[in-house]
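Let me begin by presenting the structure, written as structure tokens, before commenting on it.
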Amino acid sequence: MFLGIDHGYKSIRFYIEPINVFLEYNRKEILRIDFMKELNKYDIKLVAIAYSMGDGIDKIIYTKFVKNRGLKDNYVGDFIGGGTKVYDEISKRYITYQIPGMHKDLKILDKRFRVLFSHMAASDKVALAYYCYKKYKKKNILISDISSNIVTIAIKDSKLFAGIDACILSRGLYHGVLDLEEIRKIDRGLVKAGEAFYKSGLIFRLGMKDEEEFFNNEFALECLKISALLQIYSLYNIANPDIIVLAGSAVENERFREKIVKELNKICDVYTESNRVQAIGASYIAKDIYYGARKILGIEVFPTYSSLRNFY
């Protein structure tokens, strides 16, 4: 069996392939529970974990060879501790490979984008991309994850090509790009940059109390649609995808899904996925590494599983 782990904004999700077991825990809740007790019921051969931004690694790496859990620094992000607990306990118990994010040091990405942006997507988006690649069997895919934030990435010629991160262009439900208004607040010392990002989403901008109010508001849905389309259209003509795949919690809302799919169907075939598929994609990565994969979407696996067994 193979375990994939997605470290999301609200939850940490586990998927065990091929028995279709899915577990999900709130990031705060997991600090109080023994999640390993549940996982130990299964004969897990190998794990692939998507943890945070993954900007300190440029390969899919065995975690015992990773420093600082694959992060360049610990100053960006919303730290709670649940993901760190999972990373450490899983790495001690299982053979675990960490998935990198998409950033300027990931050399398979388009050089122009690596100059334009230091960071393009967190590691869970690589897992999402692999899920889409395995499921739809297309060489060129544009994928947009629309949820707490919005991140859009592209696969081109069966390799990761480029991405647009949440802090670059669009506003999701909770997080968003820092425009002039936020920059002024930061310069005045009213808020730190990270705090501004985490409170720049459309729910805050529209003064709404929760997601239920948001998804029942027609104007809010139009704002979210335009926000996502900014990223999707920006990459579409550069990546020339065969299909577009939409994922994320917002896409699970029927009203929003109908709106954006109707718009995008004018240019391309569109498919939608649930908010669970990042963990499934990570489990596919674990499975393929176990069976000898040397690269995943162009990203090197280090060390290969066969050489790791020989090493020990």
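Only one entry of 117, 14, 113 meets the criterion of being surrounded by 13 or more Cβ atoms within 10 Å (Cβ to Cβ), aromatic (Phe, Trp, Tyr) and touching a residue at least 60 places away in the same chain (Cβ under 8 Å), and that entry is 14.
Kindly establish whether residue 36 is outside the structural domain of residue 250 (by TED's automatic domain parsing) and either touching a Pro at 6+ places or on another chain (Cβ under 7 Å) or not in a loop (DSSP other than H, G, I, E, B) (or both).
The answer is yes for residue 36.
Entry remark, segment 120-139: residues being surrounded by 18 or more Cβ atoms within 10 Å (Cβ to Cβ) and touching a residue at least 60 places away in the same chain (Cβ under 8 Å) number 12 in total. Kindly evaluate residue 54 against the criterion of being within 24 Å of residue 177 (Cβ to Cβ), at pLDDT below 95 and of a type in the set (Gly, Ala, Ser). Yes: the conditions hold for residue 54. Residues that are under 22 Å from residue 173 (Cβ atoms) and either of a type outside the set (Asp, Glu) or not in a helix (DSSP H, G or I) (or both): does segment 295-302 have at least one? No - not one qualifying residue is present in segment 295-302.
Only one of these is buried (at least 24 other Cβ atoms within 10 Å of the Cβ), assigned by TED's automatic domain parsing to the domain that holds residue 268 and part of a loop (DSSP other than H, G, I, E, B): 142, 173. Name it.
Values: 142 fails: part of a loop (DSSP other than H, G, I, E, B).
Only one candidate qualifies: 173.
All conditions in (1) of a type in the set (Val, Ile, Thr); (2) free of Cβ contacts under 8 Å to residues at least 40 places away in the same chain; (3) within 20 Å of residue 145 (Cα to Cα); (4) not in a helix (DSSP H, G or I) hold for residue 191, with the sole exception of (3). Residues being of a type outside the set (A, V, I, L, M, F, W, C), under 13 Å from the mean Cα position of the chain (by Cα), crowded, with 24+ Cβ neighbours inside 10 Å and farther than 21 Å from residue 260 by Cβ are entirely absent from segment 154-164.
The values are calculated or read from the model by the stated rules, or taken from the named source; none is laboratory data. Only a predicted model underlies this, so the values are computations on that prediction, with no experimental measurement involved. With ideal geometry, Cβ positions are generated from the backbone for all residues, glycine too; neighbour counts draw on all protein chains shown.
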